[in-house]
Each structure stands twice: as structure tokens, then as C-alpha cells.
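The values are calculated or read from the model by the stated rules, or taken from the named source; none is laboratory data. Just so it is clear, the model here is predicted, and its values are computed rather than measured. FYI the Cβ positions are ideal-geometry reconstructions off the backbone, even for glycines, and counts take in every protein chain you see.
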Amino acid sequence: MLSYQHKYHAGNHADVFKHLALIALLSKFNRKSKPYFYLDTHAGAGQYALSSQGEHQDTYAFTQLSFEHASEVLQGYKAIIEQYKNANKYPGSPALAISMAREQDKFHFNELASEIYRELKYFVHRAGSTHQRNGFEVLKGLMPPKPNRGMVLIDPPYENADEYDEVSNAVEDALKKWPNGTFAIWYPVLSSTRVNRKTKALEKTPKAGLAEKMLLNLSQRLEQPILVAQFGFCNEDSNIGMYASGLCIVNPPYELDETLNTILMILDSEVSENGAKGSRVYWLNEPK
Ligand code: SAM
């Protein structure tokens, strides 16, 4: 059995940014009526009960948003959040993606853990294809995709240090068959030390620095443009382990950088801890 359970993290700071960015990405694809392909390699259950208490202080960070902004993306997120909140639930990436899908598009959702997969399959029903395999194998098997336009969301739990390398290898391989594909890779940013929840003692964070190494790897190995958008919800010295999270987007759609900048400005003013300074949008590989 896999140990990571997203139900304990659903709706936290990292989810809010990732999900807003996902809506931003799919809105860009929806601008043209041409069909597109979408794959979520690590999809989770599809939706999560709000009553399942998370272990983090930032659980349900989305409830801190005032939603008073004119941002199209934020309003789209609000509409779906409210719909799920009425049923005491929070939408996962499959729920958000399905809310944006059109009849002509081809959506795929993959989840490895059997129990979670059962929930996902029931949730997705006829809105897309579901797979129960290793996410990186599914990605390989579907390349090059039909239709040829589209994107992949890669959102692994990063429980093992190896997963960072698996991500960069899988993306590099997939791009050989699909050089124009968009890949959105979620990653955690970890402080070098954290407070142990049980003993309350300060300890080293074993996987600190691995995401930064993965970004460097991607930048060196890929020719495609790469945009990075990082949400720093508290400062590194707060010793909570994950103090920021980001999305590394290979072949981002036009003007995604501006949209993500706007979203981060809103999150910084409403959801971040006072004075957190880790949010930024930058080109890891500049467009040619
Ligand atoms: N994308 C989801 C969302 O935003 O709502 C959250 C996904 S959660 C971070 C990661 C999921 O990947 C978990 O449900 C876990 O069971 C699953 N998983 C772990 N290892 C996997 C693998 N090798 N292939 C596919 N899924 C895997």
C-alpha cells in the first residue's frame, strides 16, 4: 500500500496555488475550439471530504480567499469551490479539470493506489479515461498523444528521493515524442530544517534541495521554454518543512506568466503568512 494520502493535504496552500494554475492553463487551451489532450499522471481521488481533518495548520487555505478580485481564474475557481463546499467537499485536480473539459477534448486520469483509484474511477465516470498504473508508465504509453495539442499535469507525492529524477527523465523522454506538449510539474520547496511534530525538536529535512536540483536538471536537459511559478506561503525560517511550492511549466501557453503573476499577487496578499517573500514567476529557459 502507498502511504501518501492526499486527503490530509487537500485544500492547503500548495493545492490552492496548483489548482488556480491548473484553471489558468486549461483556460488558455479552451481559448481555441480545437480539441486537446489532458493527462493527470497522479490524479488522487478526484474530490475530498472537508470533514477529513488535515494534519497541517494550513488545511483549507482556500477559505482565506476573499474572492473579491476581477481575475477570471479566481472567479472560475470560486464557482467550483462553492459548488463542492455545498456538498462539504473540496475538488481535487480531476474535479477542476472535468469542470473545464469540453466534449471534443480527451481527458485521462491516472492513480496507482487501489482504494484511491476506485474513488477516482467512480468520480470520473464518463468524463474521461481512467488508468491504474505508475504515472510515468502511463505518460510513456500515451506518447505522442491524440489530439496532439494539450498538456500533462505531474503531481507526485515525492515520498522517495528518486521521484525527482523520475520526473525529469519521464518529461525528457515524453518530449522526444511530443516536443510541443505542455508539462506542468508540481514541486515542494523544503526548508533545510523543520520541527519534528512529535518530539518538537529541530531536525534536518532529508529531501531539502532536491526540487531545486530537479529544476536545474530540466533546464540543462531541455531545449523548450520553461516557466517557473512559485508560491511562498511562509518564510524559510518558519521551520515547517514545506514553506513554498511551485509549478515548473514546459512549453507554457502564451501569456501564462502574466496570469500566474496576478494570481500570486492575490495569494500573497490574502493567503500567505505576513511578510512571506518566496513568491515569484521567472523563465528557467527563455522562449526563443
Ligand atoms: N493531483 C491531485 C490533486 O491535485 O487533487 C493530488 C495528487 S497527490 C499529490 C499524489 C497521488 O499520487 C496520490 O493519490 C498517490 O496515491 C498517487 N501515487 C503515488 N505514487 C504514484 C505513482 N507511481 N503513479 C501514480 N500515482 C501515484
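Miscellaneous remarks
- Residues located in region 18-41, provided they are away from the ligand (no atom under 11 Å from the Cβ), assigned to a helix (DSSP H, G or I) and either farther than 25 Å from Glu137 by Cβ or aliphatic (A, V, I, L, M) (or both): Leu20, Ile23, Ala24, Leu25, Leu26, Ser27, Lys28, Asn30
- Only a single criterion out of (1) among the aliphatic types (A, V, I, L, M); (2) closer than 21 Å to Glu72 by Cα; (3) part of a strand (DSSP E or B) is not satisfied by Leu284, namely (2).
- The residues of region 86-113 that are in a helix (DSSP H, G or I) and either among the β-branched types (Val, Ile, Thr) or under 14 Å from His125 (Cα atoms) (or both), listed by number, are Pro94, Ala95, Ala97, Ile98, Ser99.
- Any hit, region 160-171, residues being farther than 17 Å from His42 by Cβ and more than 9 Å from the ligand (Cβ to nearest atom): no
- Considering only residues in region 131-151 that are outside any helix (DSSP H, G or I) and within 12 Å of the ligand (Cβ to nearest atom), the one that is surrounded by the most Cβ atoms within 10 Å (Cβ to Cβ) turns out to be His131.
- Exactly one residue out of Tyr90, Tyr48 is within 10 Å of the ligand (Cβ to nearest atom), touching a Leu at 6+ places or on another chain (Cβ under 8 Å) and of a type in the set (Ser, Thr, Tyr), and it is Tyr90.
- Residue under evaluation Glu55, criteria (1) within 13 Å of the ligand (Cβ to nearest atom); (2) of a type outside the set (Phe, Trp, Tyr); (3) modelled with pLDDT under 90; (4) more than 23 Å from Ala170 (Cα to Cα), criterion not met: (1)
- Among residues of region 255-281, those that are among the acidic types (Asp, Glu) and in a loop (DSSP other than H, G, I, E, B), counted: 2
- Among (1) in contact (Cβ under 8 Å) with a residue 24 or more places away in the chain; (2) within 19 Å of Leu215 (Cβ to Cβ), the one test that Asn160 misses: (1)
- The requirement of being loosely packed, with under 14 Cβ neighbours inside 10 Å, within 20 Å of the chain's Cα centre (by Cα) and under 21 Å from Ala14 (Cβ atoms) is fulfilled nowhere in region 168-177; no residue meets it.
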